[in-house]
Amino acid sequence: MQHSIKTIGLFLFILGGQICFGQNTDEKLNEAIKLMDNGKVDESIVLLKEGSKLEPERFDYQYEMAYAYHLKSDYKESVKILEKIENHKSVTDRFFQLLGNSYDNVKKPKKAIEVYERGLKKFPNSGNLYLELGVMHLDDKDMNVALTYFEKGIDVDPTFPSNYFWASKIFCKTTEEVWGMIYGEIFMNLERNSKRTAEISKLLYDTYKSEIKFTGENSFSVSFSKNSTINISDLTNPGKMRLPFGVGVYETTLMISMLSAKSIDINSLNNIRSSFVDNYFQRGNDKTYPNILFSYQKQVKNAGHIEAYNHWILMKGDEDGFDNWMNSNKEKWDNFVIWFTDNEMKINE
């Protein structure tokens, strides 16, 4: 069947109009998001409503509008918009996060939990949704259940930082500080420059200070795991020692790495942590207990930057000590920053 030139011309005109129409609505959406990012939420909503009228079936206009109302603390309007599009084909885990947050903010925590759980059925590997469920139980002071969600979030979405952040904060308040130390340092590598990074830096330093005790001129103890305070004398009688990871590996390796330490500050901790890396691998612990954090520390040390890295990790716990060190080691610091920028911790499943 042949088409007349007139018919073809009409088809091209319609197609061109559709392309132009789509471009215009995309531009309108992008402009609305820019306005929102710049704090002009009301102006953003005006554009989003205009775009939504042009393309009422588009998910992104509705979602962004709900987010804009959420920013205005109009959570009821946010819920109203989101409820209408839950079954949209373009729904994401972020949708369930926003709807759950909105329910929580209108004092409907049970509805929020239901939403997060529905979201996990569709997106079982969402670190965001495990985070939200953990925070809900944290608000209820149920630390054990909260930790279960945070650690599951780490398990299914290991590059998402927030679950490490909360797991570290909780563990450093328990008798299992070892996991707070590990999760906290991984978090700092995933989220390198935020207020939360500074908070965890101080937490790690303070935990070292509180859990390492000098009990005499030539004696000390460490306690980073349940029912276990290892004294230096225990190393000569290993038969008495329990051997879960926290005690048998982490604490023992830390003790061996402290043999020349006389005090705990940012500089002595650098020496201890540097020795820890050597001892961990020399004792073959990496074979029995492979650990991405200690492997990355070894990578940093092999590159010649462990001193600067350790000072960065602990800088907020001893800011004067860090400043003094950096003023005397500017070239080391600058070289580390260049290397660190190009060599992030690589986390896979």
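The values are calculated or read from the model by the stated rules, or taken from the named source; none is laboratory data. Predicted model only: the values in this text are computed from it and were never measured. So basically every Cβ, Gly included, is an ideal-geometry build from the backbone, and we count neighbours across all protein chains shown.
Some points to look at:
Every residue, every condition in (1) modelled with pLDDT of 90 or more; (2) loosely packed, with under 14 Cβ neighbours inside 10 Å, yes or no:
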{"site": "Lys28", "(1), (2)": "no, no"}
{"site": "Tyr75", "(1), (2)": "yes, no"}
{"site": "Val79", "(1), (2)": "yes, no"}
{"site": "Lys84", "(1), (2)": "yes, yes"}
{"site": "Phe96", "(1), (2)": "yes, no"}
{"site": "Ser102", "(1), (2)": "yes, no"}
{"site": "Asn105", "(1), (2)": "yes, no"}
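- Looking only at residues in the stretch 158-178 that are charged (D, E, K, R) and surrounded by fewer than 21 Cβ atoms within 10 Å (Cβ to Cβ), the one that is nearest to Pro124 (Cα to Cα) is Lys169.
- Helices (runs of 4 or more DSSP H) completely within the stretch 239-349 that count 3 or more residues being over 21 Å from the mean Cα position of the chain (by Cα) and modelled with pLDDT of 90 or more: 252-257, 266-282, 292-302, 306-314, 319-328, 330-342
- Test result for Arg196, over 25 Å from Gln299 (Cα atoms) and either at pLDDT below 95 or part of a helix (DSSP H, G or I) (or both): no
- Filter result for Tyr116 (in a helix (DSSP H, G or I), buried (at least 20 other Cβ atoms within 10 Å of the Cβ) and out of contact with any Gly (no Cβ under 6 Å at 6 or more places or on another chain)): no
- Residue count for the stretch 132-172 satisfying the condition of being under 14 Å from Phe187 (Cα atoms), not charged (D, E, K, R) and not in a loop (DSSP other than H, G, I, E, B): 12.
- Taking each residue of the stretch 126-152 that is at positive phi and touching a residue at least 24 places away in the same chain (Cβ under 8 Å) and looking for partners that are of a type in the set (Ser, Thr, Tyr) and surrounded by fewer than 22 Cβ atoms within 10 Å (Cβ to Cβ) with beta-carbon atoms closer than 9 Å, six or more apart or interchain, yields nothing.
- Of all residues making up the stretch 161-216, the number that are of a type in the set (Gly, Ala, Ser) and over 28 Å from Lys262 (Cα atoms): 3
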